[in-house]
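Written out below as structure tokens is the structure these notes cover.
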Amino acid sequence: MEILHNSKFYHIRYEKEHELFHYYHPPETLDMTAGQYLQELEIFIKHALKHKPKVVLGDMRDFNFIITPYIQEWIDEHLFTAMEAIGLQKNAILLTPQFIIQLSVKQAIEENPNATIKTRYFDNERAAREWLLA
């Protein structure tokens, strides 16, 4: 697994043999600003455009940041546009148990009803990986 990015708020790794991106948001996201989150997403987009993963495993179990409607729109316009352009096929997300944060994540993902990327939510990494690699 190749480490592409490590910061206080975002860890991105790439498994070339599975064409899989794995990202993780640590608990420190509690102190993250909207601007910092957008910067981290821009870094993710840059790496995705370079490596063109087919599947993504997002670990948001420790994510402590509420995604506002403005950021939801930004994600739809920038992140999802880039993911569709590279041909991303599946997106598995391990969700936080915190309801409000979980809701904001789901709203951001479901912002674009025309998305061609299959997305599922999990509470178990093994099940998420099995679905992604099937």
Query raised in the report: Quick check: anything in region 16-25 closer than 25 Å to GLU130 by Cα, modelled with pLDDT of 95 or more, part of a helix (DSSP H, G or I) and among the charged types (D, E, K, R)?
Result: yes
Query raised in the report: Has region 95-110 got at least one residue that is modelled with pLDDT of 90 or more, surrounded by 15 or more Cβ atoms within 10 Å (Cβ to Cβ) and charged (D, E, K, R)?
Result: no
**Report entry** Check on LEU88, under 22 Å from HIS18 (Cα atoms), within 14 Å of the chain's Cα centre (by Cα), at pLDDT below 95 and not β-branched (Val, Ile, Thr)
**Finding:** no
Report summary line: Within region 50-84, the residues that are within 25 Å of GLU17 (Cβ to Cβ) and either free of Cβ contacts under 8 Å to residues at least 24 places away in the same chain or assigned to a loop (DSSP other than H, G, I, E, B) (or both) are LYS50, LYS52, PRO53, LYS54, MET60, ARG61
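The values are calculated or read from the model by the stated rules, or taken from the named source; none is laboratory data. All values reported here derive from a predicted model rather than from experimental measurement. Backbone-built Cβ (ideal geometry, glycine too); neighbour counts: all protein chains shown.
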